[in-house]
Every structure is written in C-alpha cells, then in structure tokens.
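Peer 1: Quick one: the structure is below, questions incoming.
Each reported figure results from applying straightforward, stated rules to the coordinates on display, with no laboratory input. Just so we're clear, the structure is a prediction, and the values are computed from it rather than from any experiment. Here the Cβ positions follow ideal geometry from the backbone for every residue, glycine too, while neighbour counts run over all protein chains shown.
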Amino acid sequence: MNRGAELYAGKAKSVYLTDDPDRLILFFRNDTSAFDGEKTDQLDRKGMVNNKFNAFIMERLEQAGIPTHHERVLSAQESLVKKLDMIPVECVIRNITAGSICRRLGVAEGMDLTPPTFEFFLKNDELHDPMINEYHIRSFGWASDEEVRRMTELTFQVNDVLKQLFLDVGLLLVDYKLEFGRYHGEIVLGDEFTPDGCRLWDAETRKKMDKDRFRQGLGGVVEAYEEVAHRLGVELD
Ligand code: ADP
Ligand code: UDP
C-alpha cells in the first residue's frame, strides 16, 4: 500500500492518504505531548511501541466483536486503517479516579468507581477539550442520538474486554479515552488504544505505567509502555 499525501499531522500521529479512498495510513511518531500540546518531547522507540501495542489491542477488540478501523501493521511505525468520518467527541470511561475528575470534583486519586463512570469531551485543543453531555452533542449536531447510544455501548464493551485483559497481567485499567467515526453507515472505533490514551497501574504497587509518567515527569516513559507490552505478549522490534 503506497503512502500518498499527508492528510493531517496530529500531536503524535501523522495520517496519510493511500491509493484506496477507503484506507489511510497512520504513522505513529516518537513525539509525545501533554496538557493540550503545551509540554512536548521526542521519545525514542515510542512510535514503534505504540504502533505494535495498538495493533495488538485492536485485534483483541475485533475478536470480541467490536468494530475497529484497524486493518494491519505495515511497518514498525505504520498501520493501515479504514478511513473514518471522525466524530469530534472523546468517550472516557473511568474505573478508578485519576486526572481531571479529581480536579473537577475535588476527589482523591485512586478511588474505585463502581459502577464505572462515563464522560464525553469535545475534541478541541484550543478549548482544552471541554466536558460536554449528550444534549450538547445533539444540539450542535456532532452525532445523532443513535450514534451516541452506539458509542456509549461500544465504550462499555471495550471496558469489559480490556479490564480483564490487563488484570490478567497484573494491571489495573484506571481510565481510557476512545474516538469513533463513521464508516459506510456504521460506528467504528478509530484512533488508537495505547498507554498514551489510558491509565494503567500495576495492580500490586499501583506504579503508573502510562502517559502520566510523562505528564508528571516521572521518567521511564517508554520503558513502562514496553513493560506493559511485554506482559501482554506484544511482539516488539
Ligand atoms: P491529535 O489530533 O489529538 O493531535 P493524533 O496525533 O493522534 O491526535 O492524530 C491523529 C488524528 O487522526 C486524530 O485527529 C484522529 O481523530 C484522526 N484519526 C484517527 N483514526 C482515524 C481514521 N481511521 N480515519 C480518519 N481519521 C482518523
Ligand atoms: N485522554 C486522552 N486524550 C485527551 C484527554 C484525555 O487520551 O485529549 C485520556 C487520558 O490519557 C486518560 C483519560 O483520557 O487516560 C482521562 O483523561 P482526563 O480527563 O483525566 O484528562 P487528563 O488529566 O489526563 O488531561
């Protein structure tokens, strides 16, 4: 599959057109960023680790019946995906409190949330991804009610699959963000699932194994991602 023109360069991935109008190439760069792009760095091996990690997770989700955009890995840092009409909404599930919910609601980090909670955010860096609800999504026409229902349902299904997958290797899935898009009338999971977009803690020590290592300057960022990949059995270069 030939890499065509660059369609979009995000903060961590670049997106390229291909010969097939229904397919894109995602190039996972070594760039990392936090706080809506205010803190940035280049981390050796991160692009490759995230590309392989994402493919592994997307394949597991497909096996569990969740429609994803993932087609196949093309190279160390590239994957072929279905071209989606992205919905500008981020779907977040939290199993344990961390990050913005602690600041917003004044709660301590590390509280179990039973049942897990669900939040929508508008994907807009300039506005710092404000929290929104389904009424905003309806009034502004970002997605239909049926699409909102389906994104919510799929995000919870992902939780059932991945909470157990990570627990089996001694990791707690604290929270995560998903993005969906439309593909020939169907809602399909897009973007990525990597430690850049979720929180994972060691179940025994509660050591952070995700992007909070970068956000909080804890060091060993890619080493932690590689350890998670290793525990899951993801083959890295
Ligand atoms: P950001 O845009 O948040 O800086 P990235 O660097 O990860 O993030 O850029 C990837 C971009 O590609 C995101 O805007 C994402 O919504 C978009 N994207 C992800 N998967 C697809 C897809 N299958 N089809 C179209 N666009 C996609
Ligand atoms: N997240 C993300 N991209 C965003 C915002 C959040 O991938 O633009 C992920 C984040 O890594 C975490 C979850 O979504 O796993 C919840 O993030 P939160 O609302 O706590 O925001 P944060 O404090 O991480 O900015």
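Peer 1: Can you tell me which of 215-223, 17-25, 125-133 comes out highest on packing, and rank the rest after it, using the mean Cβ neighbours within 10 Å? Before the final figure, lay out the partial values.
Peer 2: Details: 215-223: 14.1, 17-25: 15.9, 125-133: 12.4.
The packing order, highest mean first, is 17-25, 215-223, 125-133.
Peer 1: How high is the relative contact order of segment 57-161? Use alpha-carbon pairs under 8 Å, at least six apart in sequence, and give a whole percent.
Peer 2: 23
Peer 1: Would you check segment 107-233 for Lys pairs whose C-alpha atoms are within less than 19 Å, ignoring same-chain pairs closer than 8 in sequence, and give me the count? Don't jump to the answer; show the numbers that get you there.
Peer 2: Numbers: LYS123/LYS177; LYS123/LYS211; LYS163/LYS177; LYS163/LYS207; LYS163/LYS208; LYS163/LYS211; LYS177/LYS208; LYS177/LYS211.
For segment 107-233, qualifying lysine pairs total 8.
Peer 1: Name the shape class, rounded, prolate or oblate, that the alpha-carbon gyration tensor gives for segment 41-113, where a ≥ b ≥ c are the square roots of its eigenvalues, rounded holds for a/c under 1.5, and otherwise prolate holds if a/b is larger than b/c and oblate otherwise.
Peer 2: Prolate is the answer for segment 41-113, as a/c is 1.5 or above and a/b outweighs b/c.
Peer 1: Let me ask something else about it. State, as an integer percentage, the relative contact order of the chain based on alpha-carbon contacts under 8 Å between residues 6 or more apart.
Peer 2: Working: 443 pairs, mean separation 42.8, N = 237.
Result for the chain is 18 percent.
Peer 1: Relative contact order, percent, of segment 1-120 when contacts are C-alpha pairs under 8 Å separated by at least 6 residues? Present the calculation step by step, with values, prior to reporting the outcome.
Peer 2: Details: 195 pairs, mean separation 20.2, N = 120.
This gives 17 percent for segment 1-120.
Peer 1: Using the Kirkwood radius built from alpha carbon pairs, what does the Stokes-Einstein equation give as D for the chain at 20 °C and 1.002 mPa s, in µm² per second?
Peer 2: Numbers: Rh = 18.2 Å.
Estimated diffusion coefficient is 118 µm²/s.
Peer 1: Further, regarding this structure: Check which residues have an amide H placed less than 5 Å from PHE193's amide H, if you skip close sequence neighbours.
Peer 2: The answer is none.
Peer 1: Under 17 Å from a point placed 7 Å out from the Cα of VAL161 along the Cα-to-Cβ direction: which residues of segment 92-126 have their backbone N that close?
Peer 2: 92-93, by backbone N distance to the label point.
Peer 1: In what order do THR194, THR117 fall by count of nearby beta-carbon atoms within 10 Å, going from fewest to most? All intermediate terms of the calculation are to be shown ahead of the outcome.
Peer 2: Working: THR194 24, THR117 13.
Ascending Cβ contact count within 10 Å gives the list THR117, THR194.
Peer 1: Go ahead and estimate [θ] at 222 nm for the chain from helices alone: -39,500 (n - 2.57) per DSSP H run with n ≥ 4, summed, over the residue count, rounded to 500.
Peer 2: Working: 6 runs with 69 residues, N = 237.
Dividing the helical sum by the residues of the chain leaves -9000 deg cm²/dmol.
Peer 1: As a footprinting exposure proxy, order TRP142, TRP201 by other Cβ within 10 Å, with the fewest listed first. Display every interim value, and only then the final one.
Peer 2: Values: TRP142 18, TRP201 22.
Least to most surrounded, the residues fall as TRP142, TRP201.
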